[in-house]
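Q: Have a look at this one.
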């Protein structure tokens with residue numbers, strides 16, 4: 001009998017689909033990248049997701065975030081994502097956390113509960129805390145590097161953090177991971193050189209910057225940003241879909 005995952009089941013098989021249905025994935029950051037991660041995970045049959053983000057949907061999210069519509073403007077992103085999930089996969093178990101993940105909020109989360117962790121936030125201190133907690137819990141983690149100020153989605157690739165180049169955020173994370181004795185970290189990053197944003201009065205919010213100060217700042221804004229980045233509908237979405245594919249394939253690897 002056909003179900004909504006019948007076409008996926010043709011490729012992965014029953015045992016793998018059962019594995020996905022019993023898995024819980026935490027997605028930190030439900031923005032341009034993280035929103036597409038959630039979308040693809042839920043459409044692939046993941047049975048439970050934790051959504052962690054304290055932002056609300058705003059006007060400038062409409063150009064790139066899958067949860068952003070004129071209907072969801074002003075909603076908390078985790079609420080908008082939860083409503084969308086309910087319309088796609090009503091059996092998926094959703095836990096929303098309206099909080100920014102930073103070193104001072106990390107104790108709210110037990111990483112041993114998760115089968116996989118996705119880091120799609122844009123603060124260096126928060127990313128490092130996610131990575132360290134996942135490693136300590138023995139939970140697989142994948143981290144998104146910079147997607148701002150880039151226009152070529154074909155340049156994204158999966159690599160270990162120590163194999164990355166060009167990306168300024170990857171450079172900072174690489175340095176900090178080395179200092180912390182973290183010997184490996186799966187990331188999605190692009191070697192495309194970031195463009196310089198044009199000077200406008202667009203009022204776009206500052207996020208996902210491709211220029212990062214190497215000093216860490218534990219305030220909400222994380223690394224000190226030097227400019228408001230540009231972003232498109234097709235760059236962060238591709239990064240998110242690549243991450244989701246990696247999560248699904250890692251969780252089902254034993255069945256192939």
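Rundown of residues vs (1) touching a strand residue (DSSP E or B) at 6+ places or on another chain (Cβ under 7 Å); (2) touching a residue at least 40 places away in the same chain (Cβ under 8 Å), yes/no style:
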| position | (1), (2) |
| --- | --- |
| 34 | yes, yes |
| 38 | yes, yes |
| 58 | no, yes |
| 83 | no, no |
| 93 | yes, yes |
| 101 | yes, yes |
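Q: Looking for something touching a helix residue (DSSP H, G or I) at 6+ places or on another chain (Cβ under 9 Å) and crowded, with 22+ Cβ neighbours inside 10 Å - is there at least one such residue anywhere in segment 95-108?
A: Yes, segment 95-108 contains at least one residue that is touching a helix residue (DSSP H, G or I) at 6+ places or on another chain (Cβ under 9 Å) and crowded, with 22+ Cβ neighbours inside 10 Å.
Q: Residue by residue through segment 109-135, note down the ones that are in contact with a helix residue (DSSP H, G or I) (Cβ under 7 Å, 6 or more places away or on another chain) and free of Cβ contacts under 8 Å to residues at least 40 places away in the same chain.
A: Hits for segment 109-135 are 112, 129, 133, 134.
Every residue, every condition in (1) modelled with pLDDT of 95 or more; (2) under 13 Å from the mean Cα position of the chain (by Cα); (3) under 23 Å from residue 138 (Cα atoms); (4) crowded, with 24+ Cβ neighbours inside 10 Å, yes or no:
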site	(1), (2), (3), (4)
7	yes, no, no, no
10	yes, no, no, no
16	yes, no, yes, no
24	yes, no, yes, no
61	yes, no, no, yes
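Q: What residue, among those in segment 183-211 that are buried (at least 18 other Cβ atoms within 10 Å of the Cβ) and modelled with pLDDT of 50 or more, is farthest from residue 57 (Cα to Cα)? Talk me through it step by step, then tell me what you get.
A: Of all residues in segment 183-211, those buried (at least 18 other Cβ atoms within 10 Å of the Cβ) come to 185, 187-190, 192, 194, 197, 207-211.
Among the residues that remain, those that are also modelled with pLDDT of 50 or more are: 185, 187-190, 192, 194, 197.
On the way: 185: 30, 187: 26, 188: 24, 189: 25, 190: 26, 192: 28, 194: 25, 197: 23 Å.
Per the stated criteria, the residue is 185.
Q: Residues in segment 21-32 that are under 16 Å from residue 91 (Cβ atoms) and touching a strand residue (DSSP E or B) at 6+ places or on another chain (Cβ under 6 Å): how many?
A: Step one: list which residues in segment 21-32 are under 16 Å from residue 91 (Cβ atoms), which gives 21-25.
So of that shortlist, the ones also touching a strand residue (DSSP E or B) at 6+ places or on another chain (Cβ under 6 Å) come out as 24-25.
So the count comes out to 2.
Q: Residues in segment 103-126 that are over 15 Å from the mean Cα position of the chain (by Cα) and closer than 29 Å to residue 59 by Cβ: how many?
A: Residues meeting the conditions: 2.
Q: For segment 17-29, give me each residue that is under 21 Å from residue 112 (Cα atoms) and touching a residue at least 24 places away in the same chain (Cβ under 8 Å).
A: Passing the criteria: 19, 20, 21, 22, 23, 24, 25, 26, 27, 28, 29.
Q: Can you pull out the residues in segment 78-94 that are farther than 18 Å from residue 68 by Cβ and more than 19 Å from the chain's Cα centre (by Cα)?
A: Scanning segment 78-94 gives 89, 90, 91.
The values are calculated or read from the model by the stated rules, or taken from the named source; none is laboratory data. Owing to the predicted nature of the structure, the values given are computational and were not obtained by experimental measurement. Cβ atoms come from the backbone with ideal geometry, glycine included; neighbour counts cover every protein chain shown.
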